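This report refers to the structure that appears directly beneath it.
Laboratory data are not the source of any read-out in this text; all were calculated from the coordinates shown. Owing to the predicted nature of the structure, the values given are computational and were not obtained by experimental measurement. Because the Cβ atoms are built from the backbone with ideal geometry, glycine has one as well, and the counts that use them run over all protein chains shown.
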């Protein structure tokens, strides 16, 4: 499968965060359709989807925090992405075997949008369905662009970039979870944090 091209400035997701509610509120029928979707509670550590399995639905994170992880060539677990509230889980296009495992890092609840229901959306709510595909693609493009940028940064720069872009999320992650996402060990991250603290203290009068 060809790797998607990475846009210089990916368009924002048109149906993530508060934008989803704005779209649903345009029609009582849309709100009713959304409210009728099943909700799935997840315990901390519960797996939503295992690598190699083919998903039967898309998911919207209503509460909690999930991660997408995989095993690298050396057999080490790598956290590729984190999904807090008001984010979609899934990829644009036809369902295919997942390359990652999706797991709850906190007690969570997701709204389940089965692909069968999505097909009905495409027939009855084509505008909403198209926005959903655009949103999933925007999330994917943003993640790919971030990964490309990180290749040009050292570990300290990646850490600082993550803090600048997602400060609230950084406070919710354990050190080993964040270190895995940055592609370093938790010991290396501890050293980076200590060095940054020492540099900051050295600037104090």
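Couple of notes before you dig in:
- Burial ordering of 13, 111, fewest other beta-carbon atoms within 10 Å first: 111, 13
- Put the Cα centre of region 32-64 next to the Cα centre of region 68-103 and the gap is 13 Å.
- Rounded tilt (10° steps) of 126-150 against the dominant C-alpha axis of the chain: 10 degrees
- Each of 61, 110, 47 was scored by other Cβ atoms within 10 Å of its Cβ. Arranged with the fewest first, they read 47, 61, 110.
- Per-peptide average of other Cβ atoms within 10 Å, ordering 102-109, 71-78 highest first: 102-109, 71-78
- Relative protection proxy for 129-139, 167-177, from highest mean packing down: 129-139, 167-177 (other beta-carbon atoms within 10 angstrom).
- A Förster distance of 45 Å, applied to the separation of the beta-carbon atoms of residue 72 and residue 32, puts the FRET efficiency at 0.50.
- Model label points for residue 127 and residue 149, set 7 angstrom from Cα along the Cα-to-Cβ axis, are 3.2 nm apart.
- Given (i) 20.5, 68; (ii) 18.7, 65; (iii) 16.5, 56, the label whose value is Rg and Dmax of the Cα atoms in Å derived from this model: (ii)
- Annotation: the residues 159, 115, sorted from fewest to most other C-beta atoms within 10 Å of their own C-beta, follow the order 115, 159.
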